[in-house]
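All remarks here apply to the structure that follows.
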Amino acid sequence: MTEAEVDERIRALIEPFNKKGVTITNDTTFANDLEFDSLTVMDFVAEIEDEFDIIISMNQQAEIETYGQLVTAVHKLQGS
Amino acid sequence: MTDSATQTKTPGADLFAKFDPIIQTRETLLASGVEDPFNLVMEKVLSPTRAICNGRDTILLGTYNYMGMTFDPDVLDAGRDALTEFGSGTTGSRVLNGTYQGHKECEDALKEFYAMDHAMVFSTGYQANLGIISTLAGKGDYIVLDIDSHASIYDGCAMGNAEIVPFRHNDIEAMEKRLKRIPEGAGILVVLEGVYSMLGDVAPLKEMVAIAKNYGAMVLVDEAHSMGFIGENGRGVCEEQGVIEDVDFIIGTFSKSVGTVGGFCVSNHPKFDILRLVCRPYVFTASLPPSVVATAATSIRKLMHGANKRAHLWENSKRLHAGLTELGFEIGTDEPQSAIVAVIMPDLERGAAMWEALLKEGLYVNLARPPATPANMTLLRCSLCAEHSSEEVETILSMFERAGKAVGIIS
């Protein structure tokens, strides 16, 4: 799967979590722009993990602050 | 030279700035005139269930003194004797000069209590989790844990180098999915709790332990809130659900049913004892005082024969749960699953008001708030004691009724 395809699928997954309808760019942050709390993060991460059949450990989550970083990380974890 | 020595740097950020939000929350709460829920002083302790708190005679319903061992005459005698014969403290690490006869006797009592080959006593329950988890799971290993795990479990994860993979609370399927995705050959430690202390709910250990074993994981179960009264021999939820043989490590504490302070890990793993040399929170701290291990050992041995007390504690838990439900309070679990009955409050303000109203009635409960609680809940946590009389439980219910109506939580 290309990074563009990963991006497209995550964009669809994030929709229900983007309660305020924030315009998402690569620089959009989860904590500040999207105001995700720890519970939302858990649910959102679980959705992505199931969709791509991967694990995003808490150690890896700590390194991911922006939408762009997430897409890159998922693409890499996918190993394709 | 002299010039640069006198140069001043621009001042850095105030290191306390990060605490401003919590300072603000606290000030707002106290400005409403409520007694500070996190600054209570017990001036006198009359029994396992009664104390003078902030000047009032108070029923204690927010301690972890489940089995009421803190004033047991045999326990107190053992502590006094050890204090006289071995002194007030060991002034040393377990691996140097800090292992006394009493520490070995305490570990022997634990081995007998759990019918396991090895026992290791730590200075606190927190350190037991911190030490065992951070030492066992290293770089390249995986720790799979329930998202609602206790702070000591998370801190053990943070201190080690393993990959940390949480799953939704008590969700068997979510746990299995994550186990399935872990790369072949990686070491896995699954960390579960018997009773989760915030809502007092029990884990489906029977299913979870079986699945974990299927994926070749080692399993650690924290039985802090079940020791002494859940399971036929009080060994915990893993005993009650028939999976204790498949659990690799049980973590526990002396600060709840045992009635003093300290922590432990028991295991049948043949290499277990090497942990004494490689586990930093075990090595780099002073061992428990002789009086503490003597009271713990005596208490543990008495808990082996505590069937009647256990039965009464369960009666208390069931009565309180049913009574509060009838009054119209929302409880954390539909059925009583442990000695913890968690009453859900609508928000922190009304939770604090209810807490204060109960204190003025002469009842102490635990006010629990985020981040300690799941789902941002504010809870009034009631933990029962085997020494609460049936009459006391009725008194507690009438206190809840008056306070709940006064604060407007129930009608």
Fill in: DSSP-loop trypsin sites (Lys or Arg not before Pro) across the stretch B:236-285, with at most 11 other Cβ within 10 angstrom
B:Lys271
Fill in: Cα gyration tensor, the stretch B:262-308 - rounded (a/c under 1.5), prolate or oblate
oblate
Worksheet item: In chain B, which helices (entire DSSP H runs) extend 15 Å or more along their own long axis, judged by Cα positions, while averaging at least 0.5 on the Kyte-Doolittle scale?
Response: B:125-136, B:290-303
Worksheet item: How big is the shadow of the Cα convex hull of chain B, averaged over all directions, in nm²?
Response: 25.2 nm²
Worksheet item: At what distance in nm do the modelled label points of B:Asp81 and A:Met1 sit from each other, each positioned 7 Å from its Cα along Cα→Cβ?
Response: 6.7 nm
Worksheet, complete the sentence: Length gained if B:Glu326 through B:Val278 is fully extended, taking 0.36 nm per residue and subtracting the Cα-Cα distance, is 12.0 nm
Item to complete: Sort B:Arg280, B:Arg310 so the one with the fewest other Cβ atoms within 10 Å of its own Cβ comes first.
Response: B:Arg280, B:Arg310
Item to complete: Calculate, for B:Glu391 and A:Gln69, the FRET efficiency according to 1/(1 + (r/R0)^6) with r their C-beta to C-beta distance and R0 56 Å; round to the nearest 0.05.
Response: 0.40
Discussion item. Can you list residues from other chains, or at least 5 along the same chain, whose modelled amide H is less than 5 Å from the amide H of B:Phe122?
Written reply: B:Gly263, B:Phe264, B:Cys265
Worksheet entry | Listed peptides B:117-127, B:73-83, B:336-346, B:14-24 by packing density, highest first (mean Cβ within 10 Å) | B:336-346, B:117-127, B:73-83, B:14-24
Worksheet, complete the sentence: For the B:Glu35, B:Ser93 Cβ pair and Förster radius 41 Å, calculated FRET efficiency rounded to 0.05 is 0.50
Fill in: Greater than 24 Å apart at Cα, pairs in B:Lys180/B:Lys271; B:Lys177/B:Lys318; B:Lys111/B:Lys309; A:Lys19/B:Lys180
B:Lys180/B:Lys271; B:Lys177/B:Lys318; A:Lys19/B:Lys180
Practice prompt. Taking the Cβ of each residue in B:Glu193, A:Glu15, B:Glu356 as the centre, tally the other Cβ atoms inside 10 Å and list the residues starting with the fewest.
Written response: A:Glu15, B:Glu356, B:Glu193
Worksheet item: Under Stokes-Einstein, with the Kirkwood radius over Cα pairs standing in for Rh, what whole-number D in µm²/s applies to the protein assembly as shown at 37 °C and 0.692 mPa s?
Response: 133 µm²/s
Response to the item:
For B:Phe264, A:Phe17, B:Phe329, ascending order of other Cβ atoms within 10 Å (fewest first) is A:Phe17, B:Phe329, B:Phe264
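Here, each number is a calculation from the coordinates, and none is a lab measurement. Being a predicted model, the structure only gives us computed values, none of them experimental. All Cβ positions, even for glycine, are placed from backbone atoms using ideal geometry, and neighbour counts span all protein chains on display.
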